[in-house]
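See structure below.
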Amino acid sequence: MLGLAVAYDLSPIDIIPDIPIIGWIDDALFTGITALNCIQQFTAETGKALSTIAKTLKWLLIVVGGILVVLIVLFAGLIIKLFS
């Protein structure tokens with residue numbers, strides 16, 4: 001899974017185009033969520049506390065990242081609306 005996340009980072013096809021800083025947000029979110037998911041899966045049996053922390057951080061990152069992506073899309077739509 002982590003290999004697929006890195007492949008997504010390197011791929012020219014993105015949810016948000018690779019504009020510096022703004023376009024890297026979806027790459028960082030996708031890689032971070034995947035890394036936390038891998039940590040959660042690998043520590044599920046041995047480290048329950050670490051697994052729970054990784055799960056909580058993963059869902060927090062999903063929610064905050066989703067809100068951030070929606071705000072970027074709305075802001076881009078506003079800019080397009082203002083200049084057209």
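The values are calculated or read from the model by the stated rules, or taken from the named source; none is laboratory data. Only a predicted model underlies this, so the values are computations on that prediction, with no experimental measurement involved. Neighbour counts are summed over all protein chains in view; Cβ atoms, including those assigned to glycine, are modelled from backbone coordinates with ideal geometry.
General observations
- Any hit, the stretch 45-63, residues being of a type outside the set (S, T, N, Q), more than 22 Å from Gly77 (Cα to Cα), in contact with a Cys (Cβ under 7 Å, 6 or more places away or on another chain) and surrounded by fewer than 14 Cβ atoms within 10 Å (Cβ to Cβ): no
- Of all residues in the stretch 54-67, those satisfying the criterion of being hydrophobic (A, V, I, L, M, F, W, C) and modelled with pLDDT of 90 or more are Leu57, Trp59, Leu60, Leu61, Ile62, Val63, Val64, Ile67.
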